[in-house]
Amino acid sequence: MSKLMSAKTKEILLGPLAKNNPITVQVLGICSALAVTAKLEPAVVMGISVTIIVAFGNVIISLLRNTIPNRIRIIVQLVVIAALVTIVSEILKAFAYDVSVQLSVYIGLIITNCILMGRLEAFAMSNRPWESFIDGLGNGFGYAWILVAVAFFRELLGSGTLFGYQVIPQALYDAGYHNNGLMILPPMALILVACIIWVHRAKDKELQE
Amino acid sequence: MSNKLRKLVDKVKPHFLPGGKLEKLHSVFDGFETFLFVPNTTASKKGAHIRDAIDSKRTMSVVIVALLPALLFGMYNVGYQHYLAIGQDAGFWSTFVYGLLAVLPIIIVSYVVGLGIEFIAAQIRGSEIHEGFLVTGMLIPLIVPVDTPLWMIAIATAFAVIFAKEVFGGTGMNIFNVALVTRAFLFFAYPTHMSGNTVWVRTGTTFGLGGGTPVDSYTGATVLGELATASSGNIQVIDVVGNPIGFWDGFLGLIPGSIGETSTLAILLGAALILFTGVASWKVMLSVFTGGALMAYVFNLFGPDTAIAHFPWYNHLVYGGFAFGAVFMATDPVTSARTEIGKWIYGFMIGAFAIIIRVLNPGYPEGMMLAILFMNIFAPLIDYYVVNANIKKRLKRATKKA
């Protein structure tokens with residue numbers, strides 16, 4: 001284990017969770033973070049899908065990195081991502097149809113997610129497969145936890161449910177409580193992401209500009 | 001009187017200065033002191049400054065006074081609508097007291113929440129307390145329906161003060177009008193409590209006063225609500241118990257609506273004060289009305305065959321939040337355009353957009369709020385182009401001479 005998890009690989013894995021988070025620090029992949037976070041379930045599925053695709057895409061590109069002609073590397077990267085996205089999309093359609101309907105085009109649009117292209121280009125093209133895999137996992141998790149955090153608040157306050165189960169008791173509604181309709185609308189996702197960025201930068205002095 | 005007050009303030013002042021017992025509350029003390037007395041530091045003693053006793057706290061106070069007619073009328077109207085709906089005649093004072101008791105909690109909630117956040121933000125920043133919420137806190141109760149639950153107002157106020165003002169740097173730095181953000185938050189978060197037929201007139205009791213069953217002919221809709229849901233092209237608008245109403249009813253304001261927006265007369269009284277004292281810009285006000293009237297007239301002539309498009313242009317100006325928005329919201333010196341030509345463009349666009357939203361989107365019968373927020377975004381852009389155009393013009397003149 002100690003060989004697998006040297007200090008450097010640990011940094012590669014854990015860095016993207018906070019200090020180098022793809023959403024809150026690099027500000028990549030914002031569009032999907034707004035689109036799929038109205039409910040927890042699609043957010044979790046989206047997070048897992050992106051993690052798998054970026055991890056395996058990283059491995060494949062890293063294996064091919066010495067044979068890819070420099071001038072067509074973007075095309076090769078796109079083909080690899082597109083193939084993986086198609087596989088994930090088909091699996092979702094086969095085994096989790098409801099969620100895949102909710103996610104609609106956004107699974108397909110993972111192809112255009114900046115995090116993937118960014119990691120392939122910036123990391124996998126110049127690192128060995130194992131580090132690339134770890135980097136993919138780290139960035140995928142970094143993306144996923146922001147999505148889940150945002151979706152948690154949006155679903156709780158906007159629909160009163162978590163994973164579709166009612167968590168705000170009926171008694172509260174009877175007493176005059178109402179779900180906040182603004183939480184369901186996309187602007188609130190932006191504001192919640194902003195809040196996470198706010199807290200993050202307030203704690204981490206290095207990130208302050 | 002004011003001398004005694006000054007002495008009292010001076011006596012407790014040392015406690016709040018650095019080293020004093022209550023040093024931490026310095027910004028709170030400072031807020032109260034500068035509210036009571038104009039500080040000596042409005043302009044530097046040296047150099048060529050215009051020295052004036054007016055600072056932003058005094059400006060805000062003028063606006064508060066200007067809001068009083070709309071507020072008092074709004075209170076009376078809340079009671080009036082209530083007794084009209086239940087078919088009773090309660091006399092002037094019980095009508096007013098009913099409205100007073102209905103509106104007062106909203107004012108208190110708005111101020112307590114908003115000022116609370118302002119005080120905390122000032123303590124965190126270590127700056128003095130900003131005075132901007134004085135006016136915002138009074139505007140918020142005037143632009144919500146009387147039956148809005150208090151907790152919703154508290155949440156919306158907190159949201160608006162934090163996300164529309166404090167994160168931008170506090171009073172004077174906000175892009176959007178804070179009171180309108182509060183209303184927009186309520187409108188989008190709790191649409192059932194901000195539109196429809198049940199929120200504008202309180203039919204229940206208020207602290208044990210009033211209460212009863214609405215009369216048979218009762219409808220709780222606002223005039224704009226009636227128009228938005230009308231099926232035929234030409235309808236006669238009615239008040240809450242079915243009597244036909246026209247321009248002068250809208251002008252006087254004994255109609256259902258948000259608390260302070262109904263009476264154009266009371267709003268114009270306030271407008272006279274803020275125009276006379278020079279707090280608000282007459283250019284913005286006039287151009288909002290012009291833009292609205294022109295746009296409504298265009299719809300009268302060429303609009304689609306809907307009730308709201310056929311609504312006479314002069315009625316558009318006195319019903320709904322149009323007049324209130326034009327006088328108290330569009331003229332907000334922080335969020336409006338600042339160049340003189342910019343003010344004309346800014347106001348005109350607000351008026352025109354408000355009517356466009358009203359007529360073309362039946363989902364938003366009240367377009368004023370969205371129109372003003374929309375133009376708030378564009379105010380800096382308008383200013384930028386006005387300034388640039390002026391620079392170009394003068395540059396041309398200068399180069400021509402040379």
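The values are calculated or read from the model by the stated rules, or taken from the named source; none is laboratory data. This is a predicted model, so every value here is computed, not measured. Using ideal geometry, Cβ is built from the backbone for each residue, glycine included, and neighbour counts are taken over all protein chains shown. These accessible areas exclude ligands, DNA and RNA; they are computed on the full protein's heavy atoms, side chains included. Shrake-Rupley method; radii C 1.70, N 1.55, O 1.52, S 1.80 Å.
Annotations
- Answer residue from the range A:175-194, given it is crowded, with 21+ Cβ neighbours inside 10 Å and at the interface with chain B (Cβ under 8 Å from one of its Cβ atoms) and is farthest from residue A:27 (Cα to Cα) among those: A:180
- Number of positions in the range A:194-209 that are closer than 20 Å to residue A:149 by Cα and among the acidic types (Asp, Glu): 1
- Test: residue in the range A:142-158 that is closer than 30 Å to residue B:184 by Cα, more than 17 Å from the chain's Cα centre (by Cα) and free of Cβ contacts under 8 Å to residues at least 40 places away in the same chain: yes
- In the condition set (1) out of contact with any Asp or Glu (no Cβ under 7 Å at 6 or more places or on another chain); (2) at pLDDT below 90, residue B:60 is compliant with all but (1).
- Being open to solvent by 10 Å² or more (accessible area, probe 1.4 Å) and not charged (D, E, K, R) is a property that holds for residue B:192.
- Every residue from the range A:53-81 that is of a type in the set (A, V, I, L, M, F, W, C), assigned to a helix (DSSP H, G or I) and either surrounded by 15 or more Cβ atoms within 10 Å (Cβ to Cβ) or in contact with a Phe, Trp or Tyr (Cβ under 8 Å, 6 or more places away or on another chain) (or both): A:53, A:54, A:55, A:56, A:59, A:60, A:61, A:64, A:76, A:78, A:80, A:81
- Among the residues of the range A:195-209, those identified as without any contact (Cβ under 8 Å) to a residue 12 or more places away in the chain and more than 14 Å from chain B (Cβ to nearest Cβ) are A:203, A:205, A:208, A:209.
- Residue selected from the range A:17-46 under the condition in a helix (DSSP H, G or I) and touching a Phe, Trp or Tyr at 6+ places or on another chain (Cβ under 7 Å), by the criterion most open to solvent (accessible area, probe 1.4 Å): A:41
- Of all residues in the range A:144-174, those being surrounded by 16 or more Cβ atoms within 10 Å (Cβ to Cβ), of a type in the set (D, E, K, R) and more than 13 Å from chain B (Cβ to nearest Cβ) number 1.
- Taken over the range B:186-227, the criterion of being within 14 Å of chain A (Cβ to nearest Cβ) and touching a Leu at 6+ places or on another chain (Cβ under 8 Å) is satisfied by B:188, B:189, B:193, B:194.
- If the condition is being polar (S, T, N, Q) and crowded, with 23+ Cβ neighbours inside 10 Å, then the range B:169-187 contributes B:174, B:177, B:182.
- Of B:378, B:324, all but one fail to be among the hydrophobic types (A, V, I, L, M, F, W, C), out of contact with any His (no Cβ under 8 Å at 6 or more places or on another chain) and open to solvent by 30 Å² or more (accessible area, probe 1.4 Å); the exception is B:378.
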